[in-house]
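Notes to accompany the following structure.
The values are calculated or read from the model by the stated rules, or taken from the named source; none is laboratory data. The shown structure was predicted, so the numbers you read here are calculated from the model rather than taken from an experiment. Every residue, glycine as well, gets a Cβ built from its backbone with ideal geometry; the counts of neighbours run over all protein chains shown.
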Amino acid sequence: MAIIEVENVNKRFRSARGVRALLGRGGLPDLVRGRRAEEVTALEGITFSVDPGESVGLIGANGSGKSTLLKIIAGVTVPTEGSVRVYGRVASLLELGAGFHPLLSGRENVYLNAGIYGMRRAQVDAIFDCIAEFSGIGKFIDFPVATYSSGMYVRLGFAVAAHVNPDIFLIDEVLAVGDEEFQRKCRRRIGELIEQGKTMLFVSHDLAIINVLCRRVILLNRGRLIARDTPAKAIDFYLRQIGAPKGIHTLKQGPAEVVLCNGRISLYYRQEEITSPLGFRTQVSRLGGWRGSQDAEWTLTEVSETRCVARGYDAKLGLTHVWELGFDGGDFVWSVAYECAQPLDVEMLEATLFFGMAYTGWMYGEASGGFHDIVPDDTTWAPMMAAEILPEAAGILAADEQRQPSVSMTFENTGPLALGNWQNTDYLSKSRVFRLEERLGKGEALPSGTRKSFCFRFNLGSGRKEIERRSREQGLRRTVVSGRLQARFKRGQFEILYDDRLITTGVHGYASLLIQGLWNDSSNLRWERLERDGEALRAIGASRRFPFRMHWSIFPKSPGAIAWTIDLEALEDLDVQEYQASVLLVEEYARWTTATESGEFPPIRADDDDWVHLNRDYAVGSSVRAEGPGLPAVTLRNDEVDIPLRMTALNTGFHQRARVLQALRAADHGLIHFPRGTHQIFAGEIVVVPAGE
C-alpha cells in the first residue's frame with residue numbers, strides 16, 4: 001500500500017484584489033464589469049504515489065510547481081481540484097522554523113514545534129539533548145528566538161525536524177542552509193534517515209544529491225508532470241530539455257553523445273551516462289571565493305552535429321569562459337580558455353570532472369589504484385592520491401566494461417603549474433572525481449585578451465588494456481634508457497630504475513638553490529612541457545620567487561650511465577648562497593664512499609627530523625658512491641672540473657627515509673654571484689653497476 005497518494009491534483013491561484021490593485025487589471029473596474037480575476041495554474045493533472053521507505057525526488061526549473069506540490073502534500077495548502085492521501089506522521093522541512101514563536105526561547109520552541117509534529121513532552125525530553133547538540137547554538141538555546149541570526153534559526157529548525165522520528169520527510173532545498181559545517185551535518189543526518197528506511201520526498205536543484213538520495217525522480221515542467229523514471233533517465237531528460245536554450249547543445253558521433261548545458265558537460269556512451277549528474281565543469285578562485293562555469297550566462301556561437309563553441313560571460317568577474325567541444329577521430333576534445341577585457345587577479349583555475357559510481361579504478365601516469373566505497377559517514381571529499389604534477393595521460397576504469405566503458409584522458413596546453421588528482425566526493429554527491437588545477441604564480445593575473453588553459457582529450461571506448469598501453473607509452477616518452485638503467489623524468493625530478501627496480505625514493509634526483517635563506521627545489525619550479533631531442537630529454541623550470549630558470553638535459557652516456565647537466569639562466573644578476581644536485585636512494589643502501597673517505601649509513605630514527613651530512617672531509621671532489629646488499633652500486637659523478645663541487649653523503653630525516661648522494665657547491669666567501677645570462681652549474685652523470693663491480 002502506498003504511503004502517499006496524489007491523484008489528479010490541480011492548483012490555481014487568483015491574482016490579488018487588494019487596495020493597491022483597485023485601479024489595475026483585475027481590480028475595481030473589472031469587478032464592476034463582472035470580469036473574473038486572472039488565474040495562474042501552478043499544478044495541472046498531477047498523479048503519482050510513493051511507497052513506504054521509498055525516496056522520490058522532485059526536480060524541475062524554477063516556477064515548475066515543485067514547492068507548491070510539496071506544500072499540498074504537507075497540508076500547508078489545499079489543491080483546487082484532486083485529492084492527496086498521506087498515511088503516517090509527516091515532518092515538513094519546507095520553511096525551517098515556520099512554527100517558532102519569536103518571543104519564546106529556543107528550548108520552549110523545540111517543545112512547541114515537536115508538539116506540532118505530534119510528540120508528547122516525555123518523548124521530547126528523551127531527544128532534547130540530541131536536538132540541542134545537533135543545532136550547535138549552545139547557550140542561545142535559552143535565548144528568545146527573536147534574538148537569533150537567520151543561521152541559528154534554520155539550524156534549530158532543521159534539528160527539530162530531523163529528530164522527531166516521523167514516517168515521512170518532505171524536504172525542500174534545506175541542505176542549502178547554514179554554513180559548510182552545518183550542511184555536512186545535515187547531509188549525514190539525511191543519509192542516516194535513508195538508511196533507516198524513512199520515506200522521503202525531496203525537492204532540490206542539486207542533481208547530484210537527487211541522484212544519490214532518490215530511487216525514483218519526478219520531473220515537473222510548468223506545473224505538469226512530464227517524467228517519472230529512474231534518477232539517471234529523469235535527470236538526463238531534464239538536462240536536455242530544461243534551461244536557457246541558447247546555452248544547450250548535443251553533439252553525437254557513433255555511440256558517443258555529449259550534452260552541453262549552460263556550463264556543464266554530460267557524456268554518454270551507448271545511451272549510458274559516463275559522468276555523474278554533476279558533469280564536467282570549471283571554476284575560478286579569486287579573493288578566496290569560487291565562481292563556477294554554471295554561474296555564467298552562456299551562448300552558442302558555432303554549432304554542428306559534432307562540434308560547438310560556447311561562451312559563458314560571468315558579469316561578476318568580468319570574465320568570459322570560452323569552450324570548444326568536438327569530436328576528433330574517435331576522441332572527444334574539450335578545450336577551455338578565458339577571455340578578459342582587462343587583467344584579472346585570480347589564484348587558481350580548476351576543471352572538475354565528475355564520473356559515475358560504476359567506476360572502480362583509476363590511473364594517473366604510471367600510478368594506479370582503486371576507489372573505495374562511499375558511505376553515509378563520508379561528509380568530505382577524500383583524495384585517492386596526493387595532487388601531483390600533471391602527466392600526459394590518465395584514465396578511469398569500469399568494473400564491468402560491457403555496461404560502462406573505461407575512459408582514457410590525455411592533456412594538452414595545460415599551464416606549467418598544473419596539478420591533478422583523483423578523489424571520492426562526499427556521500428550526497430557520490431561521484432568519482434578528477435580535479436585538475438592550475439595555480440597562478442604570485443603577482444600573476446589573467447591577461448587581457450584570450451588565454452588558453454585546459455585541454456582534455458577523452459577516448460570514451462577505451463578498454464582497460466588500451467588505457468594501460470597508453471600509460472606505458474606516455475611513460476616511455478619521458479624515459480631515458482642506458483642498458484639496464486632507466487631515468488624517468490617527472491617535472492623537476494627523475495626516478496632511477498635498474499632492471500625495472502626503482503632504486504630512488506622521495507624526490508629522487510633533483511636540484512636546489514639557496515637564495516636569501518630559502519631553498520628553491522627543482523620539484524617546485526614551473527616546468528614547461530618536456531621536449532625530446534633524439535635520446536635526450538630537455539626541460540626548463542622557472543622560479544616563482546626569484547629571477548632564474550633551470551635548464552635540464554638528461555641523456556644516455558655509456559651503458560649503465562646517464563648524463564645530467566644543469567644550466568642556470570639568471571634573468572637578472574643573482575646571488576646564491578649555495579646549490580646542490582642530489583640523488584635520493586632507498587633506505588636499504590648501507591655504505592658510502594668518496595675519493596677521500598668512506599663509512600656506513602647509520603640507521604634513520606623516528607626522531608630524526610633534519611638531513612645530516614656524514615662526511616668529515618668536504619674537499620672538492622669528483623664522485624660519491626653508495627652500495628647495499630643485493631643492490632646495484634650507484635655513483636654520482638662531477639665531470640666538469642671547473643665547477644668546484646663537494647661530493648657528500650647524507651641521511652634524510654625519518655619522513656623521507658632515504659640515503660643521499662649529493663654534489664654541493666657552497667660559497668667559500670660571501671655569495672656565489674651569477675651575472676645575467678646562462679651558466680652551467682652541474683655537468684655530471686649517474687653510473688649504476690651490478691653489486692660487487
Could you give every pair whose Cβ atoms fall below 6 Å, whose first residue belongs to the stretch 140-151 and is free of Cβ contacts under 8 Å to residues at least 60 places away in the same chain and among the aromatic types (Phe, Trp, Tyr), and whose second residue is in a loop (DSSP other than H, G, I, E, B) and surrounded by 15 or more Cβ atoms within 10 Å (Cβ to Cβ), counting only separations of at least 6 or pairs across chains?
none
Somewhere in the stretch 163-176, is a residue closer than 23 Å to Val50 by Cβ, β-branched (Val, Ile, Thr), modelled with pLDDT of 85 or more and outside any loop (DSSP other than H, G, I, E, B)?
yes
The one condition Ser335 fails out of (1) under 30 Å from Thr320 (Cα atoms); (2) within 17 Å of the chain's Cα centre (by Cα); (3) small (Gly, Ala, Ser) is (2)
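Of all residues in the stretch 286-318, which are in contact with an Asp or Glu (Cβ under 7 Å, 6 or more places away or on another chain) and either in a loop (DSSP other than H, G, I, E, B) or at pLDDT 90 or above (or both)? If you could, list the steps in order and put the result at the bottom.
Just the residues of the stretch 286-318 that are in contact with an Asp or Glu (Cβ under 7 Å, 6 or more places away or on another chain), to begin with: 286, 291, 295-296, 308-309, 312-314.
Within the stretch 286-318, Arg291, Asp295, Ala296, Cys308, Val309, Gly312, Tyr313, Asp314 meet the criteria.
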Mind listing just one residue for me: the one in the stretch 263-285 that is modelled with pLDDT of 90 or more and at positive phi and, of those, surrounded by the most Cβ atoms within 10 Å (Cβ to Cβ)?
Gly279
So which residues in the stretch 438-453 are within 20 Å of Tyr364 (Cβ to Cβ) and buried (at least 22 other Cβ atoms within 10 Å of the Cβ), if there are any at all?
Ser453
Output for the stretch 76-115, where each listed residue is modelled with pLDDT of 85 or more and among the polar types (S, T, N, Q):
Thr77, Thr80, Ser83, Ser105, Asn109
Tally of residues being more than 13 Å from Ala227 (Cα to Cα) and part of a loop (DSSP other than H, G, I, E, B) across the stretch 46-63:
7
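Return the residues of the stretch 479-489 that are crowded, with 21+ Cβ neighbours inside 10 Å and either among the aromatic types (Phe, Trp, Tyr) or in contact with a Pro (Cβ under 9 Å, 6 or more places away or on another chain) (or both); say none if nothing qualifies.
We begin by selecting, within the stretch 479-489, every residue crowded, with 21+ Cβ neighbours inside 10 Å; these are 480, 482, 485-489.
Once the filter is applied, which keeps residues that are crowded, with 21+ Cβ neighbours inside 10 Å and either among the aromatic types (Phe, Trp, Tyr) or in contact with a Pro (Cβ under 9 Å, 6 or more places away or on another chain) (or both), the stretch 479-489 yields Val480, Ser482, Leu485, Ala487, Phe489.
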